[in-house]
1. Note the count of lysine pairs whose C-alpha atoms are less than 20 angstrom apart in the chain, limited to pairs 8 or more residues apart or on different chains.
2. Collect residues whose amide H, placed 1.01 Å from N in the peptide plane, falls under 5 Å from the amide H of residue 201; neighbours closer than 5 in sequence don't count.
3. Of the chain, which part is the longest with no GluC sites (Glu not before Pro) in a loop (DSSP not H, G, I, E, B) and with at most 16 other C-beta atoms within 10 angstrom?
4. So if the hydrodynamic radius of segment 138-223 is defined as the Kirkwood radius over C-alpha pairs, what does Stokes-Einstein give as its diffusion coefficient at 4 °C and 1.567 mPa s, in µm² per second?
5. What number comes out for the charge environment of residue 15, summing +1 per Lys or Arg and -1 per Asp or Glu over other residues with Cβ under 14 Å away?
6. Once you have all Cα-Cα distances for segment 37-91, histogram them in 5 Å bins from zero and send the whole-percent values.
7. Using θ = phi - 60° and the Karplus curve 6.51 cos²θ - 1.76 cosθ + 1.60, what whole-Hz ³J(HN,Hα) does each residue of segment 35-48 get, with Gly and Pro shown as x?
8. So what are the three principal axis dimensions of segment 175-238 from its Cα atoms, in whole Å, longest to shortest?
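Coordinate-derived values only; no laboratory data. As the structure is a computational prediction, the values presented were derived from the model and not from experiment. Glycine also receives a Cβ, built like all others from the backbone with ideal geometry; neighbour counts cover every protein chain displayed.
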Amino acid sequence: MEPAEVWGERWSAMTAPIARQYMTTAVRSNSLVCLAADKSRISDLLALVRSVGPFLAALKTHVDVVEDWTEEGWGEVRAAADDVDLLLFEDRKFADIGGITQKQMHGLYGIAGWADLVTAHLISGPDIVDGCMAAWADVGRNGGVLLLAQMSSRGNLLAGAYSDAVVAHGRSHDGVMGFIGNGSRPEELRDLRSRVGEERMIWTPGVNLVVGDCVMGQRYGHPREAVLAGSDAIIVGSGIHKADDPVAAAKAYAEASWQALLERSGA
Ligand code: 5BU
């Protein structure tokens with residue numbers, strides 16, 4: 001199957017290499033799963049990625065939860081992602097002024113040197129995206145920002161005029177590949193898709209095959225509902241890494257998300 005068939009307008013509108021890489025990998029692995037690899041030791045993270053990698057479309061990290069981080073160890077994580085052609089997405093949720101964000105993209109972890117995607121809040125104003133882009137330019141790499149237009153957690157404040165402003169800015173900035181939407185509430189996601197249009201991605205945390213409220217205010221919706229409501233990537237953490245059989249779980253999430261994309265596109 002060709003990417004243009006399943007991605008439709010998203011494929012024709014989004015020509016940036018990272019967007020194309022994501023959509024191509026998704027088609028190759030028949031999966032819209034972005035694994036939230038929330039492991040605190042590099043060996044565990046590597047073992048997880050190596051086992052479920054073929055069923056993923058992208059890999060998401062929180063580099064600052066890793067307790068035994070080294071540049072060399074992280075190079076292996078990057079290599080494991082490259083082995084199966086996954087974008088490496090650091091969910092850093094930057095929120096400072098543009099110039100500090102640029103420095104934070106370097107810093108101890110050198111995020112600009114290995115991340116293809118990062119998340120940012122727009123709370124400090126639009127220059128944050130320029131800060132991210134400047135950092136990638138500093139190291140001769142390219143990347144994309146996912147702006148938080150919604151969140152999955154209970155009681156969050158990303159709604160109304162603020163969320164509208166995030167979408168308006170993201171739609172007008174080439175560095176913004178898309179938005180984070182709330183995977184736990186399909187109706188919120190449908191509303192977000194109507195505001196975003198077809199020319200940007202929506203990636204959604206808060207999805208699990210077991211729907212409902214979870215620890216510390218996290219909420220879950222079903223991956224199929226999220227994709228039908230307009231999600232282009234389902235971000236799944238514990239549904240895979242806490243499963244008794246992570247490989248079987250990754251396959252199940254891949255299948256649910258892929259079938260929903262086929263249904264959505266009519267392919
Ligand atoms: P979970 O184990 O599937 O609940 O993990 C969800 C991941 O998505 C975790 O890494 C969070 O930091 C991330 N996340 C989220 O849960 N909700 C949000 O609104 C955003 C990110 Br943005």
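1. Going through the chain pair by pair, I get 9.
2. HN-HN under 5 Å from residue 201: 178, 179.
3. Answer - 68-197.
4. Approximately 96 µm²/s, per Stokes-Einstein.
5. So the surrounding residues net to -1.
6. Reading upward from the zero bin: 4, 22, 38, 26, 9, 1.
7. Listing the rounded values in order: 6, 8, 8, 7, 10, 9, 10, 4, 5, 5, 4, 5, 4, 5 Hz.
8. 33, 22, 17
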